[in-house]
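No lab work stands behind these numbers, since they all come straight from the coordinates. Predicted model, so just to flag it, every value in this text is computed and none were measured. Positions of Cβ are generated from backbone atoms using ideal geometry, with glycine treated the same way; all protein chains shown enter the neighbour counts.
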Amino acid sequence: MHKRKLLAMVVTSAITLSAAAESIAADMTYVGIHGMWTDLKDADFNVAPGTIDTEFDSGTGLGITLGRTFEAMRGELEFTARMNDVKSHSLNGSATLPGSKGEAKSNAFMVNGYYDFVNESSFTPYVGGGIGIANVKFDNFGVDPIPDVLNDDGTVFSYQVMAGADVKVSDAWKLFAEYRYFRTSEVDVVTSNVTGAVDNSIAYKTNNILVGARILF
């Protein structure tokens, strides 16, 4: 009887240690890199003659991450950079101003959290969210005769929500695709003296499609 109890204890301990080892193995550090397509929502700002409405072309972005998995949860530090060229400016709802130009740029430092829907396949859906700060710059907004109507930046609070899925390629590699909504608090900027120095608060809102890879170690 004593031997049976001892054997049962050994088996139970072995199972417990095995489960603990699997849990520890599931907790891994990773680095990641991703590229993105980004759609920046229209913006408007005031100058002395009235209101400028701005549309943007689709843009691009790049991000790098450092993260840690905790079974079905992940925590992550992230840096991203985005850029969109101006498609058009118009004044007071009129036709597009000829020679419209400029760029909207952002650099963001984010802290993200994710929940992975872990399953027995190599395909893992996930959802997440993040908060941080972003420097947003409206670079050389203007037209050919007046190239610097707005050339200012600000650093503000930012947040994002995301949903995607990754595919395990090997024990050390994962590929992923993701949708992400990223926005900031309104950015306080001032237009140039050329059209009257006017205070403005401009919203920065983007929809993003990401593809990237993570290296686990």
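The local environment of Phe176, defined by Cβ-Cβ distances under 14 Å, has a net charge of 0 under the rule Lys, Arg +1 and Asp, Glu -1.
Building the convex hull from the alpha-carbon atoms of the chain and averaging its projection over directions returns 14.3 nm².
Taking 16 Å as the straight-line reach from the Cα of Lys101, the aspartates and glutamates in range (excluding those fewer than 8 positions away in the same chain) are Asp42, Asp44, Asp53, Glu55, Asp57, Asp85, Asp139, Asp144, Asp148, Asp152. Enclosing the Cα atoms of the stretch 101-169 in their convex hull gives a volume equal to 102 cubic angstrom per residue. Quick one: net charge around Ser90, please, counting Lys, Arg +1 and Asp, Glu -1 for every other residue with C-beta under 11 Å from its C-beta. Net charge around Ser90: -3. Counting charges near Leu40 (Lys, Arg +1; Asp, Glu -1) among other residues having Cβ under 12 Å from its Cβ returns a value of 0. Based on every Cα atom in the stretch 123-213, Rg and the maximum pairwise Cα distance Dmax equal 18.6, 59 Å. With a threshold of 24 Å on the Cα-Cα distance, the over-threshold entries among Lys137/Lys205; Lys87/Lys137; Lys41/Lys174 are Lys41/Lys174. Taking Cα centre as origin and charging only the Cβ of basic (Lys, Arg, +1) and acidic (Asp, Glu, -1) residues, the dipole magnitude of the stretch 63-217 rounds to 280 debye. Under 14 Å from the 7 Å Cα→Cβ point of Ala177, by amide nitrogen: which residues of the stretch 81-125? Once the point is set 7 Å along Cα→Cβ of Ala177, 123-125 turn out to lie under 14 Å by backbone N, inside the stretch 81-125.
In the chain, the DSSP-assigned H stretches of four residues or longer account for a calculated mean residue ellipticity at 222 nm of -4000 deg cm²/dmol, using -39500 (n - 2.57) per stretch and the full residue count as denominator. Note on Ser121 and Asp188: the extension gain reaches 19.4 nm, defined as 0.36 nm multiplied by sequence separation minus the Cα-Cα distance.
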